Amino acid sequence: MPDAAPSRSHFAPFLEGRGPYLVVARNAITVAGVWVLGWSAQLAALTLWFDGVAALGILCLMAMRARLRLGLEATSKASSWAGLLFIFAFFGVPYWMMFAGFNAWFFPKGFWSEQFADPWVVGALFVILAGDAVEETRRGLVGMSEKGIRRVSNGQFALHWVRGGIVVLLLALVPVKVQYFIVLAAVALSYLEIYPRRTLRLFGREHEIDDDTPGMRD
C-alpha cells in the first residue's frame, strides 16, 4: 500500500482565500454575544443550533439546484421538493434531537418570545444566516459534475452529524461556565469547517470523501 500524501500546513487554507476568515468571524458572533452582551448559555446554544440548521438547509437547496441544472432531478417539482425535504429531515436528525432536548430541559418558559424581541439576537441570527449563505454558495456545487455534487454533499452531511455531536458534548461544560463553553465550541466548529478532511479522519469518516472531492483538502 502506498504511503498517504503528507498533510498540508494548517496555515495553507488561510493563505488560499478568505473562506477561513469568514468561518472564524461567523463563529465569533456567539463568542462576542456571551462575552460582550452577556448572553446566556441557552442563547449561545440556540445560535449554534441555528447556524448548523441554516447551513444544512442552504446546502440542500444548493445541491438540488445543481442537480436540476444537470437534469438529474425528477421532472415533477413536487417530487423534487419532497426529496429535498426528506434529505433535510434525515441529515438534520442531530439538530432535531437537540431542538427537542433544548425545549424539554434547557430552555426556560418564555425563552423564545424573549429572544426574538431582542434586536441584537435577531441581528446576530441574520448575520449568521447570511454567512452560511455565502459559505455554501462559495462551495460551488452549481456547475459540478454529478460525482462532484455527490461527494461534496456526502462529506458535508457527515460533517453535520459530527457538528451535532460536538455541540452536545460541549454542552456538558455549560454548568462550569458558559464563557469557557462558547470559546471551545467556536474553536472546535471553526476547525471542523476549515479542516473538513482532518475532522472526518479524526472521527473515522474519511471514506465519505476522496482526493478529488472539491473543497475537502487538508
Restricting attention to segment 110-132, which residues are aromatic (Phe, Trp, Tyr) and outside any helix (DSSP H, G or I)? PHE116
Of the residues that sit in segment 49-77 and are charged (D, E, K, R), in contact with a helix residue (DSSP H, G or I) (Cβ under 8 Å, 6 or more places away or on another chain) and under 21 Å from ASP132 (Cβ atoms), which one is modelled with the lowest pLDDT? ARG67
Out of the residues in segment 133-148 meeting the condition of being within 19 Å of ALA54 (Cα to Cα) and in a helix (DSSP H, G or I), tell me which one is least open to solvent (accessible area, probe 1.4 Å). GLU136
Subset of segment 78-127 (residues that are of a type in the set (Val, Ile, Thr) and open to solvent by less than 30 Å² (accessible area, probe 1.4 Å)): VAL121
Positions within segment 169-192 being surrounded by fewer than 21 Cβ atoms within 10 Å (Cβ to Cβ) and modelled with pLDDT of 80 or more, in sequence order: GLN179, TYR180, VAL183, LEU184, VAL187, ALA188, SER190, TYR191
Could you grab me the full set of residues in segment 193-204 that are modelled with pLDDT under 85, buried (at least 17 other Cβ atoms within 10 Å of the Cβ) and outside any helix (DSSP H, G or I)? none
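The values are calculated or read from the model by the stated rules, or taken from the named source; none is laboratory data. Since the structure is predicted, the reported quantities are computational estimates derived from the model, not experimental observations. Neighbour counts run over all protein chains shown; Cβ positions are idealised from the backbone, glycine included. These area figures cover heavy atoms from the full protein model, side chains too; ligands, DNA and RNA do not enter into them. Shrake-Rupley method; radii C 1.70, N 1.55, O 1.52, S 1.80 Å.
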